[in-house]
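Notes for the one structure printed next.
The values are calculated or read from the model by the stated rules, or taken from the named source; none is laboratory data. Here the structure is a predicted model, which means the values were calculated and not measured. Positions of Cβ are generated from backbone atoms using ideal geometry, with glycine treated the same way; all protein chains shown enter the neighbour counts. Remember, those area values only see protein heavy atoms, side chains included, never the ligands or the DNA or RNA. Shrake-Rupley method; radii C 1.70, N 1.55, O 1.52, S 1.80 Å.
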Amino acid sequence: MTGLRQRLLVEGWSGTWNRMSRTKKVATDVMETPLNRCLSTLDITLLGIGHMVGAGIYVLTGTVAKDTAGPAIILSFLLAGFASLLSALCYAEFGARVPKAGSAYVYTYVTIGEFWAFVIGWNIVLEHMIGAASVARAWSGYVDSLFDGALSNATMTHIGVLHAGLLAPYPDFLAFAVTLAYCGFLTMGVKGSAYFNSVFTLINLCVMAFVIVVGMTYADIANWSAGDGFMAYGVSGVISGAATCFYAFVGFDSIATAGEEAKNPARSIPRATLVSMSVVTVGYVLVGGTLTLMVPYYNLNPAAALPDAFAVHGANWAKYVVSVGALCGMTTTLFGSLFSLPRCVYAMAVDGLLFSWLARVSDKTKVPIITLMLCGFFSALIALLFDIEKLVEFMSIGTLMAYTIVSASVIILRYQPASRCNIKSPSHKQATPTPGALPTPTTPMDDLGKADGEGGELRSSCRWLLPLVGQREEGVVVTWAVVIFTMSSSALSCLWQFGGNFLALPYPSAWAIILAVLITFLLIFSVVLIVAHRQNHIILSFSVPLVPLVPLVSIFFNVALMVHLNPMTWIRFVVWMVIGLLVYFIYGQHHSCEAEPVSSYSTLLTEPTPAGNTVFGSVQHTLSHVTAKIASAATEDKKPIVDQEELGDNDL
């Protein structure tokens with residue numbers, strides 16, 4: 001515990017510890033047993049790699065290469081990897097800033113507020129549930145194909161078929177069983193589960209290396225010139241392929257869900273995120289390149305591209321090696337979804353937004369077993385009955401929304417005053433340096449005598465904007481600029497998606513050109529407003545480079561992909577959100593820990609400000625009216641979760 005507090009202090013959380021050690025109503029009931037901090041950086045890295053490298057590399061590669069991008073699939077993977085990396089960098093910074101379970105849910109909570117955190121958390125739950133079910137169904141289908149369809153034929157013969165829109169052709173009992181079996185492995189404890197995942201991930205990586213090395217011995221560079229050439233489907237094919245390949249990278253957020261089980265989350269999560277993204281991107285590019293060099297893209301079999309590619313060259317024995325890799329890859333992907341799902345539910349339950357008994361942790365295994373088994377059962381039920389092909393796109397909308405919110409949150413927090421975040425800037429560090437802390441730079445002063453290191457104020461060179469933005473609280477203008485940028489990105493993407501014909505040359509419509517110019521102006525103007533303000537100088541173990549450029553580009557990519565989703569996906573999203581809002585307003589709002597005087601997430605909220613001024617978190621204040629309560633109760637005497645005697649005399 002001493003080491004944890006020292007790390008919090010090194011990261012600047014000097015004002016955080018006391019508040020985090022104060023109890024909440026739910027905490028006293030269900031959190032006597034915390035999650036077990038036992039995962040190393042290697043464990044978390046392999047968790048992320050395993051969650052990303054699954055069915056995509058064995059199924060998606062052949063489909064995209066043949067029907068969408070051709071040999072230029074390597075460019076599609078690079079573009080998709082770049083777009084995913086932008087979001088991954090934002091997750092990595094928050095992993096260093098907020099080392100708690102819950103991933104994007106927690107990040108939204110501390111930045112924007114409870115209501116939007118519930119919206120994100122509710123969608124993440126569905127994302128992982130459908131993700132686990134879809135992989136379980138793919139796992140079952142792959143095994144069935146090895147036996148020439150014997151399992152599916154026997155099921156339809158003896159059980160019958162299903163006749164409904166969203167239901168699968170037949171109930172998949174193998175997918176149901178394998179999902180419950182993996183839940184059983186997860187109940188062993190996080191360390192044992194990590195060993196299980198690591199072994200299968202390493203086997204999968206070895207199979208990938210085998211495909212690349214052995215496959216290159218059959219490579220023929222002429223295959224990239226065959227047919228319509230390297231970019232057989234043009235630039236639009238590369239972009240469409242990237243949009244499809246983007247979902248092959250979904251899974252790195254599972255790294256962030258391990259925040260409360262990592263030994264040193266502030267350092268492990270950023271490193272694991274970057275390493276796993278790099279390994280997966282390189283692996284996808286090399287496998288895609290090898291496949292299209294072995295066989296002309298138009299001769300690929302989308303259902304079994306890799307085994308058939310080796311069979312063309314007489315290496316039928318390679319089919320069994322690839323099959324082992326495919327099963328191991330889908331196993332680790334299923335494991336990643338089932339690992340992340342209960343931890344997000346656990347985080348929401350701890351905050352009172354879901355039933356408190358969902359936050360109970362086993363004394364023996366340090367795992368929320370009740371939540372794990374319940375989530376696993378529902379995932380297994382979806383895998384048993386539903387047609388995953390019709391639902392899998394549905395999970396994308398929650399993922400993209402979470403990526404967008406996290407990217408926006410990075411900008412919002414970077415342009416808040418350090419004191420408002422309750423994180424000490426270098427100018428506020430104590431004279432006696434903390435061991436391992438970075439040196440304190442000299443804090444410059446602007447022309448009005450304000451400290452540059454505080455952050456959120458208008459730059460002295462941009463005072464010409466004062467008549468436009470007025471005297472506002474630090475950070476408020478930037479927050480609204482991020483909102484304008486996001487809405488403008490949505491409008492421009494919608495215009496391009498649904499009104500692209502009106503912008504097409506040689507006879508574009510005047511109204512479409514005027515609208516496009518206006519939206520583009522709003523985009524540029526919002527970026528200018530953000531850049532015109534100063535960032536704070538909070539020192540973290542990892543920070544996103546080139547802020548605000550990187551998060552803004554990430555927001556634009558994610559919003560554009562959301563707009564391209566099927567309209568039925570949006571309808572299903574609305575239905576799911578209606579159910580979620582009923583849960584929130586009937587139960588969550590009345591049991592929320594934000595109604596308690598102190599919340600463990602209140603560490604990044606504002607101090608009280610003079611009446612009449614707009615404060616950061618005003619959305620949160622409007623929706624849950626708690627910011628003032630948290631701030632005013634910050635000095636109240638509360639029972640600590642951790643006994644002060646456990647901290648030792650040196651920590652007091």
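Descriptive notes on the structure:
- Of the chymotrypsin sites (Phe, Trp or Tyr not before Pro) found in the stretch 284-392, the ones in coil according to DSSP and having at most 13 other Cβ atoms within 10 Å of their Cβ are Trp317.
- Stretching Ala177 away from Ala303 to a fully extended chain increases their span by 43.0 nm, per 0.36 nm per residue minus the current alpha-carbon distance.
- Gained length - Ala150 relative to Leu582, 0.36 nm times residue gap less alpha-carbon distance: 151.1 nm
- About the centre of its Cα atoms, the stretch 70-211 shows a dipole size close to 320 debye [charges on the beta carbon of Lys, Arg (+1) and Asp, Glu (-1) only; nearest 20 debye].
- With a Förster radius of 41 Å applied to the C-beta separation of His590 and Ala164, the computed FRET efficiency comes to 0.65.
- Between the stretch 305-352 and the stretch 78-134, the alpha-carbon center distance in angstrom: 21
- Inter-label distance, nm, simple model (7 Å from Cα along the C-beta direction), Asp363/Trp511: 7.0
- Put simply, the stretch 298-407 fits an ellipsoid with semi-axes of 37, 18, 13 Å; these come from the alpha carbon gyration tensor as the roots of five times its eigenvalues, largest first.
- In the stretch 184-281, the portion of solvent-accessible area held by carbon and sulfur atoms comes to 69 percent [1.4 Å probe, whole percent, DNA, RNA and ligands not counted].
- Distance from the Cα centroid of the stretch 204-241 to that of the stretch 147-167 is 35 Å (rounded to whole angstrom).
- Residue-normalised accessible area of the stretch 73-203, expressed per residue, 1.4 Å probe, Å²: 32
- The calculated FRET efficiency for Thr520 paired with Phe185, based on their beta-carbon distance and R0 = 45 Å, is about 0.30.
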